[in-house]
Amino acid sequence: KKDGAVIRESAETDRVSYYTSIHTYNMFNTCNTWAAGALEAAGTGVDSGGIVLASQLYTEAKKKGTVIKKDE
């Protein structure tokens, strides 16, 4: 356990951990979908419906506020 969560697997360096979850990952339910859902739950006005790709998340998020991006 780490911070009350159950760790399923952890790398030797302890920099990567995988936690148990009720959520599943597939091509229609990605980390971008989860991030959009978190933004939606936080009341930002982001609609998480249909977001799968990072570009979709970026497009939806920039409608709701100012995007600050570091130039490289």
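Inside the stretch 14-38, residues that are at pLDDT 85 or above and over 9 Å from the mean Cα position of the chain (by Cα) make up a count of 4. Examine the stretch 52-62 for a residue that is at pLDDT 70 or above, outside any helix (DSSP H, G or I), open to solvent by less than 60 Å² (accessible area, probe 1.4 Å) and in contact with a helix residue (DSSP H, G or I) (Cβ under 9 Å, 6 or more places away or on another chain), and state whether such a residue exists. Taking every residue of the stretch 52-62 in turn, at least one turns out to be at pLDDT 70 or above, outside any helix (DSSP H, G or I), open to solvent by less than 60 Å² (accessible area, probe 1.4 Å) and in contact with a helix residue (DSSP H, G or I) (Cβ under 9 Å, 6 or more places away or on another chain). Checking each residue in the stretch 36-49 for being open to solvent by less than 40 Å² (accessible area, probe 1.4 Å) and farther than 11 Å from Glu60 by Cα picks out only Gly37.
The values are calculated or read from the model by the stated rules, or taken from the named source; none is laboratory data. None of these values were measured; they are calculated from a predicted model. Positions of Cβ are generated from backbone atoms using ideal geometry, with glycine treated the same way; all protein chains shown enter the neighbour counts. Ligands, DNA and RNA are excluded from the accessible area calculation, which covers all protein heavy atoms including side chains. Shrake-Rupley method; radii C 1.70, N 1.55, O 1.52, S 1.80 Å.
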